[in-house]
Amino acid sequence: MSKPFQLRYLFLFIGLTIVHFASGQSIKGIITDNEDSAIPYASVAVYKSSDSTLSTGGVTDFDGKFNIEVEPGDYYLLISFLSYEDKIVNALSISSMETRNVGKVMMSADAQALETVEVTAEKSQMELQLDKRVFNVGKDLSNAGSNASEILANVPSVSVDVEGNVSLRGSENVRILIDGKPSGLTGAGNSDALRMLQGNLIDKVEVITNPSSRYDAEGEVGIINIVLKKEQRQGINGAFEMNGGWPNNYGGSFSLNYRKKWINLFASNGTSYRASPGYGKSVNDFSSEDTSYYFESDRKQVRGGLSNVSRVGADIYFNEKNSLTTALLFKYSNGNNSASIDYFDHNTNSEIIKSTNRDEDENEIEYDLEGSVLYKKTFDREGREWTSLLSVTQNDDSENSELVQTINTGALESQSYQRSTNTEDERTYLVQTDYVHPIRKKGKIETGAKVTLREIENAYNVELMDTGPWVQLPAFSNELQYIENIYAGYFMFSNKYKRFTYQFGLRSEYSDIKTKLLRTNKSNPRSYLNFFPSAHLSYELNEVNSIQLSYTRRLSRPRFRELIPFFSYTDPRNYYSGNPDLNPEYTDSYEIGYLKKFGKGSILSSVYYRHTTAPTERITITDSNGLQRRFPINLDTKDAFGLESSLQYEFTKWWRTSTSINAYQEHVQGTYKGRLYRSEALTFTGRSMMNFKLQKDFNGQISGNYRAPRNNTQGKTLAVYTLDLGLSKDVLKGNGTITASAKDIFNSNKRRWVVDTDNLYSSSEFQWRARQFLITFTYRLNQKKKPARDGGSQMYDGGDDM
């Protein structure tokens, strides 16, 4: 499509007409203390003046504001909050279609209550919203001293394999966001990036299995949004963390906020050093009509280095209705990785006839700079708002490797030298605008537009030296330019009628993508326009039982690294490459969920079905020498049917549990170059965590994960299980906490898989990181642990929503 045609679509989205509807009657105001600081979570009860019967009520938000819908009549308010004296607002006469603003209501501290009661509002570990689940990760002791990748591994529905690849409900086609937008922290398909983000900087993780139209359509199974910490309370507050462990694992981080009336300043930093040992081994048996080939391999590696993530920003409140948020993020990493691979070639009598050793030293330096500006405007009418976002990202990554190869045939030994360089530069520009308009009492419409412009330049070069000068290997060297421009717009409508809530939306995305090999001058332009409907329905059977239904259509564009045709050269007998001819996947996703709350917990169960066309599958082919090449292809269809259930239950005041399980059946089939590929997989994943209040100031935790075997089109992956332990003690009068944790205590977090084709049987095992032990110290500045109002666990308030 031409550029003018693209722009017409963009302007069409931005020019959507917003219709204004009249609102009903309500009472609104703001609750503050004597120092003019907002009081969140204050209770506002509305009583009828005629007989003092309770009519309705609500609670204040994070900014101390409330807006309660009422019928026409005469009322008075009773405002209460623990450690404050009750406040009464009399003589409120409300007529039809009137919004009565009582203005600022000041509460005074109750001196007697302050002597005996300390209160903080604690979020539950899982919060269920119409189109997402929110997990407040600060309550998990095993997260102390962890990074983002390790934290995601402890979130229900999410799995992280030993190489750091993230999957949701069994699929790796999941979109990962930071604070609601793409980020260099998630990398261009680089699983190492999440390991660089210290867990102490994370407030919560949002899992969106069926995203509504306001979200990007990217991701077969949905979106994982990592929300970074930023406090909203007045004054200065924050948290500091230091950790040390074995194998080499050291780090420190802090998160600070200062808020005073018109400005909120926030800053955070996380620095870590790791040197993590790992290993791998495999047995490979290749046979054909005219030859056979058998070899074993052993790999030892140490991966790690220094990494740092820094973030600063400010919320500027020009007035009650206009605010500006600016943020700057900088990431630096200096990775030092070493690996030693030994190959042992056998003859038909299982005798070793040749051994090969490859020693590699790799240095990787990465810089990432991200800046964003968010403007938000609210209006007199509650719930009406407009936001605009501008974000710019620059990422530079450079890898340099040196390899020494030694071949020993018994009678002869020879050496050769290889070196490789890989540079990658990425620039991303994002512009987004969103508008929300309330309709009558409970309804609203939402509309917005988004433009994402992304360009990546990747250069890969391999050179070999035997006895003469360095010689370039053309098959492994090239430069790729990747340009991805996405233009999107959406429209949504939602409303609530009694106990029934519904939401419908439509999103459109125009994708303009081009890949070009600069040295060979080969290009592969792709452009396509798609529409993505969504529907979410919820019905409250009663106060403790509700049902949710949802449908979305999703898109999974090939990831940048899946399009790179270059081969990796670390392991010359196992090549990994991309496929420039990959097409996008399209998925229709259906889900029905049931939530039941009871006295000491809740259970959420979901049944889902996904139908995918042109699914991506990684296959392995072998040449006449038994060398393996693994790359992605598109098959015809994939169908997945599953059942997921999450339980939270408090057995006693000192023992609570959180358990989840996801069982699903998946059928994949399709052809590639005339060959049929198909698989039937029935498998499940499970996670259980138990927290114990051992005695005063002591907390313990046991958590386990299990991933069952799973078939694929050319073999299967075997089971993986892990067990973690944690123990924490509060110190310094509740301002500090010392946590000791043991991760993967059985040293069982290993990826094991089998490739079984007509010509090849290969059995492999790989461990990215051995078990580890950590000691973490956390100090909270003006975030002292306090008893929870709901009688739940006593964990500190890790911060409010952004």
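Values as computed for the structure displayed
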read-out	value
Globularity ratio of the stretch 396-537, using Cα Rg and 2.2 N^0.38 Å	1.82
Debye intensity ratio I(q)/I(0), log10, the stretch 635-786, q values 0.21 Å⁻¹ (C-alpha model)	-1.31
Dipole of the stretch 456-538, positive end: most advanced residue of Phe504, Thr467, Asn521 [Cβ charges, Cα centre]	Phe504
Over 24 Å (Cα to Cα) - which of Lys48/Lys321; Lys28/Lys48; Lys65/Lys376; Lys693/Lys743 fall in this group	Lys48/Lys321
Percent accessible area from carbon and sulfur atoms, the stretch 481-520, protein chains only, probe 1.4 Å	59 percent
Cα-based Rg / Dmax (Å) for the stretch 467-565	23.6, 82
Inter-site label distance for Leu529 and Asp285 at 7 Å from Cα along Cβ, in nm	5.7 nm
Sulfur and carbon atoms: percent of accessible area, the stretch 719-774 [1.4 Å]	56 percent
Packing rank of 458-468, 87-97, where each peptide gets the mean count of other beta carbons within 10 Å, highest leading	458-468, 87-97
Apportionment of accessible area to carbon and sulfur, the stretch 402-458, percent (1.4 Å)	50 percent
Nitroxide proxy distance, nm - points 7 Å out along Cα→Cβ at Glu457 and Tyr609	5.0 nm
Pairs beyond 30 Å (Cα-Cα), from Lys514/Lys638; Lys87/Lys261; Lys104/Lys204; Lys354/Lys750; Lys450/Lys496	Lys104/Lys204
R0 of 41 Å, Cβ-Cβ distance Phe746-Tyr779: FRET efficiency to nearest 0.05	0.80
Debye log10 I(q)/I(0) for the stretch 484-527, one point scatterer per Cα, at q = 0.28, 0.31 Å⁻¹	-0.94, -1.00
Reciprocal mean inverse distance between Cα atoms of the stretch 304-364 - Kirkwood radius, Å	17.0 Å
Listed peptides 691-704, 362-375 by packing density, highest first (mean Cβ within 10 Å)	362-375, 691-704
Solvent-accessible area per residue, Å², over the stretch 276-365 with all protein chains present [probe radius 1.4 Å]	49 Å²
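The values are calculated or read from the model by the stated rules, or taken from the named source; none is laboratory data. As the structure is a prediction and not an experimental result, all values here were calculated from the model. Don't worry about glycine lacking a Cβ; one is built from the backbone with ideal geometry, like all the others, and counts go over all protein chains shown. Ligands, DNA and RNA are excluded from the accessible area calculation, which covers all protein heavy atoms including side chains. Shrake-Rupley method; radii C 1.70, N 1.55, O 1.52, S 1.80 Å.
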